[in-house]
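For reference, the structure is listed below as structure tokens.
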Amino acid sequence: MAWASDSAIALGGWTLRLERSCRLAALLGLLIAAGCGGSGAAGSGASSAADADSSRAGLAAAGGDGEWMPKNKRVERFEGAENLADLRSQLTAEALEGVTHLDLRGRGWGPELGRLLAESKAVAGIAALNVSDNEMGPEGGAALAGSPHLSKLLQLNVGGNDIGDVGAKALAEATSLSGLRALNASGNDIGAEGTRAIATSEVLSHLASLDLTMNPIGADGAAALAQSSTLKDLRSLFLLGSGIQAEGARALADSSSLENLTVLALSGNAIGDEGAQAIAQSTSFKKLATLDLSANGIGEKGARALADSNSLASLAALEMFGNEFGSGGEAALQERFGSALKF
């Protein structure tokens with residue numbers, strides 16, 4: 001995921017932020033079972049954790065800064081601030097001089113944090129802002145989005161704040177965020193309506209990385225992303241545990257707007273064989289280098305479809321943890337993808 005937290009757990013190369021929501025806890029349970037409980041082929045032994053960690057570098061790399069970020073990274077966390085009053089007194093232009101990343105994750109400061117940051121002129125020069133897991137809610141998310149001082153922001157992480165569709169719409173309309181290249185809005189109770197706002201936003205048209213993991217966007221949300229005319233610069237899309245099912249996978253596979261994707265992560269979406277077949281037959285995913293279909297109920301039929309695909313020639317990593325595709329499906333996938341296959 002974009003800008004992965006230091007307080008993360010490694011799941012075979014993925015680093016997933018520890019969210020407060022039970023939705024992410026459920027997905028983590030799925031992925032832990034998938035990564036530690038065995039392979040996709042019945043009767044096969046699981047790979048060691050060390051092997052998995054080293055071999056899944058393609059997905060893990062998505063957690064770092066994008067190439068658009070300043071080379072001389074400098075992070076400020078204001079670790080001495082115990083409350084918002086402390087932060088208000090310390091948040092000055094002098095304190096942030098030369099700072100590229102402002103990291104305030106996991107402080108639990110509520111909606112007022114969004115208002116405080118929105119009012120602060122001191123943040124005008126930062127390139128990356130992480131306010132994940134702060135219980136900001138829709139009110140705090142909307143307040144932050146209304147800031148006139150974030151025009152230089154390139155990466156924004158608002159994950160785990162339950163900003164909902166209201167907050168998502170506010171972000172989509174926030175003119176000061178028109179330079180944003182990476183948005184992590186995971187674990188925010190964003191539905192199809194909020195996803196549609198993001199997908200149709202002219203403001204967010206320069207996004208290269210979008211993370212909507214653990215939001216109930218459903219098939220309708222996936223369709224909104226697939227039909228977007230403004231997200232054509234998107235390179236990485238993370239929709240782990242987002243309830244898109246086979247219908248949503250078909251919509252993504254049929255999209256002519258997502259042809260530049262190089263990373264697509266769809267773990268825990270119950271897309272099944274039907275969804276896997278749609279992805280395999282898609283002509284839109286020819287640039288994909290990393291595809292994560294772990295924990296999706298994919299059987300031998302779906303595995304063979306992926307193995308026979310004419311459109312996945314660029315894959316360097318295919319994640320298939322937690323799928324029961326049997327020895328026949330395993331053999332077909334291994335013959336086609338070799339060391340790129342991880343299960």
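The values are calculated or read from the model by the stated rules, or taken from the named source; none is laboratory data. Note that the structure is a prediction, hence the values are computed from the model and not measured. Positions of Cβ are backbone-derived with ideal geometry, glycine not excepted, and every protein chain shown enters the neighbour counts.
Yes or no, residue by residue, for (1) among the polar types (S, T, N, Q); (2) modelled with pLDDT of 95 or more; (3) under 17 Å from the mean Cα position of the chain (by Cα):
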{"position": "222", "(1), (2), (3)": "no, yes, yes"}
{"position": "226", "(1), (2), (3)": "no, yes, yes"}
{"position": "229", "(1), (2), (3)": "yes, yes, no"}
{"position": "234", "(1), (2), (3)": "no, yes, yes"}
{"position": "241", "(1), (2), (3)": "no, yes, yes"}
{"position": "249", "(1), (2), (3)": "no, yes, yes"}
{"position": "266", "(1), (2), (3)": "no, yes, yes"}
{"position": "269", "(1), (2), (3)": "yes, yes, yes"}
{"position": "292", "(1), (2), (3)": "no, yes, yes"}
> If only one of 163, 190 is over 19 Å from residue 207 (Cα atoms), within 17 Å of the chain's Cα centre (by Cα) and among the β-branched types (Val, Ile, Thr), which one is it?
Replying inline: 163
>> Return the pair list, or none, for Cβ contacts closer than 9 Å from residues in region 64-81 that are closer than 15 Å to residue 102 by Cβ to residues that are among the polar types (S, T, N, Q) and exposed (fewer than 12 other Cβ atoms within 10 Å of the Cβ), at least 6 apart or on different chains.
In response: 81/89
> Has region 323-331 got any residue that is surrounded by fewer than 17 Cβ atoms within 10 Å (Cβ to Cβ), assigned to a loop (DSSP other than H, G, I, E, B), over 17 Å from the mean Cα position of the chain (by Cα) and in the same structural domain as residue 242 (by TED's automatic domain parsing)?
Replying inline: yes
> Considering 234, 225, 306, which residue is in a loop (DSSP other than H, G, I, E, B), surrounded by 21 or more Cβ atoms within 10 Å (Cβ to Cβ) and in contact (Cβ under 8 Å) with a residue 12 or more places away in the chain?
Replying inline: 234
> Of all residues in region 172-189, how many are assigned to a loop (DSSP other than H, G, I, E, B) and either touching a helix residue (DSSP H, G or I) at 6+ places or on another chain (Cβ under 6 Å) or buried (at least 19 other Cβ atoms within 10 Å of the Cβ) (or both)?
Replying inline: 8
> Of these, 311, 327, 294, which one is out of contact with any helix residue (DSSP H, G or I) (no Cβ under 6 Å at 6 or more places or on another chain), touching a residue at least 40 places away in the same chain (Cβ under 8 Å) and among the hydroxyl-bearing types (Ser, Thr, Tyr)?
Replying inline: 327
>> Looking at (1) over 20 Å from residue 140 (Cβ atoms); (2) surrounded by 24 or more Cβ atoms within 10 Å (Cβ to Cβ); (3) of a type outside the set (A, V, I, L, M), which one does residue 243 not meet, given that it meets all the others?
In response: (2)
> What number of residues in region 309-322 are surrounded by fewer than 17 Cβ atoms within 10 Å (Cβ to Cβ) and of a type in the set (A, V, I, L, M)?
Replying inline: 2
>> Looking at 128, 143 in this structure, which one is farther than 14 Å from residue 159 by Cβ, crowded, with 21+ Cβ neighbours inside 10 Å and touching a residue at least 12 places away in the same chain (Cβ under 8 Å)?
In response: 143
>> I'd like the residue in region 270-287 that is among the β-branched types (Val, Ile, Thr) and under 18 Å from residue 218 (Cβ atoms) and, out of all such residues, is surrounded by the fewest Cβ atoms within 10 Å (Cβ to Cβ).
In response: 279
> Within region 250-303, how many residues are outside any loop (DSSP other than H, G, I, E, B), of a type outside the set (Gly, Ala, Ser) and farther than 17 Å from residue 320 by Cβ?
Replying inline: 3
